[in-house]
Structure formats: structure tokens, C-alpha cells
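Visitor: Below are the C-alpha cells for one structure; questions will follow.
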Amino acid sequence: MSSFPAHNFGQSEKSLFSPQEIARLMESEYRRSLRYGYGLSLCLLGIDRLESLHDLYGVDSRTRIVEAVVTMLRSSTRASDALGTLRGERLLMLFPHSTRPACQAVARRLLAGCRELEFRGDGRDLRASLSIGIAQRASEGGLAALAAQAERALAAAQEAGGNRFVEFEELPASSEPARF
């Protein structure tokens, strides 16, 4: 179960959409983007080494880091962007009416904003960083495919050491490996 505060947006400025609420919102926004032909970007975010920080510096440090990151995410994005929590200690951001370059710019801003956050734990200065996986809505594939693409991009960002964003990109048919 996630330790992120999962409440309706209207209840608190620091609360996040729950997994169920963000799923409904994603479905609605995805359909609307198809109907009206506007861009839609989906970002999955993970706070790097969050479990290690919890183990080393306790629950209080982890809670302060999560709250500070959520506050930074809110202040760095538009009011029309949706922020929710998922299982597995991940956050999801949905950016309606966004282009690929705009989403990349937001990802860079979020990474930089997280690097500027400072924490103290057990008498030490702590830093947090993010891993971000980005996927753009295509005309085909559906919402499940979009979420799976963002999931793969997040995994690639984490496997590369975190503190970065990775964008999902389909391999062109011509670059598929030859089969013997």
C-alpha cells in the first residue's frame, strides 16, 4: 500500500488523487484528447532510493521528503495537470494539451526542482531525486498501451541510475532485429 496521501484534490492542497480516481480521470481525459485531437502526455515518477532513505533515516524523513516532492510537483505544473498516486510508491502526472517538447521541458524542471530540495536526517544533509518515464498519446493503442509505455520508460530511467527522465519511443519496423 502506498504511503502517499491519497485524497480527493478538494480536500487538501497536498493530497493526491487516489489510484482509482486517477484511473477514472485518465480514461476521461484520454477519450477527450482522442475526440478533440489534442496532445496528452503521461508521466510516471518515482522518488529515487525512497525505501533506502526510510530505512536509514526513519519514517519522519521519508514523510518529509514525499511531502516536499509533492509540493514541488504542484508548484511546477499547471492547475489543469493531474497528480495522483499509484501502488508501488509511484506518482502519476497527466498533462492534457501538451506536446512532446513541452513535456520534456516540464520533466527537466521537475528534475531540477527536486535537486534543489534539502532535507536533514540523522544530522546529515539529504537530497532527493526523481526518475520519470514519459509517454505520449498516439492515435492507436489505447490507454492501457500509454500506461505500459510510461511504465517501461520509468523502468529504463531507474535502471540507468535515476535522476533523469526517459521518453518511451517505439522502434521503427526497419530497426527490429533480424530473426534467423
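The values are calculated or read from the model by the stated rules, or taken from the named source; none is laboratory data. Here the structure is a predicted model, which means the values were calculated and not measured. Note that each Cβ is placed from the backbone with ideal geometry, even for glycine, and that neighbours are counted across all protein chains shown. Just so you know, the surface numbers come from the protein's heavy atoms only, side chains and all, with ligands and any DNA or RNA stripped out. Shrake-Rupley method; radii C 1.70, N 1.55, O 1.52, S 1.80 Å.
Per-residue answers, yes or no, for (1) at pLDDT below 95; (2) in contact with a helix residue (DSSP H, G or I) (Cβ under 8 Å, 6 or more places away or on another chain); (3) of a type in the set (V, I, T):
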position: F17; (1), (2), (3): yes, yes, no
position: E21; (1), (2), (3): yes, no, no
position: L25; (1), (2), (3): yes, no, no
position: L34; (1), (2), (3): yes, no, no
position: L42; (1), (2), (3): no, yes, no
position: D55; (1), (2), (3): yes, no, no
position: S61; (1), (2), (3): yes, yes, no
position: R64; (1), (2), (3): yes, no, no
position: R78; (1), (2), (3): yes, no, no
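Visitor: How many residues are among the basic types (K, R) and closer than 18 Å to R49 by Cα if we restrict to the stretch 124-154?
Guide: Residues that pass the stated criteria total 2.
Visitor: OK, next. So, of the residues in the stretch 99-110 that are open to solvent by 10 Å² or more (accessible area, probe 1.4 Å) and of a type outside the set (K, R), which turns out to be farthest from Y57 (Cα to Cα)?
Guide: Per the stated criteria, the residue is T99.
Visitor: So which residues in the stretch 120-150 are closer than 25 Å to S61 by Cα, modelled with pLDDT of 80 or more, surrounded by fewer than 21 Cβ atoms within 10 Å (Cβ to Cβ) and not charged (D, E, K, R), if there are any at all?
Guide: S129
Visitor: Same structure, new question: Answer with yes or no whether R87 is closer than 19 Å to R164 by Cα and touching a residue at least 12 places away in the same chain (Cβ under 8 Å).
Guide: Answer is no for this residue.
Visitor: Looking at L73, L56, which is the one that is open to solvent by 30 Å² or more (accessible area, probe 1.4 Å) and over 17 Å from A157 (Cα atoms)?
Guide: L56
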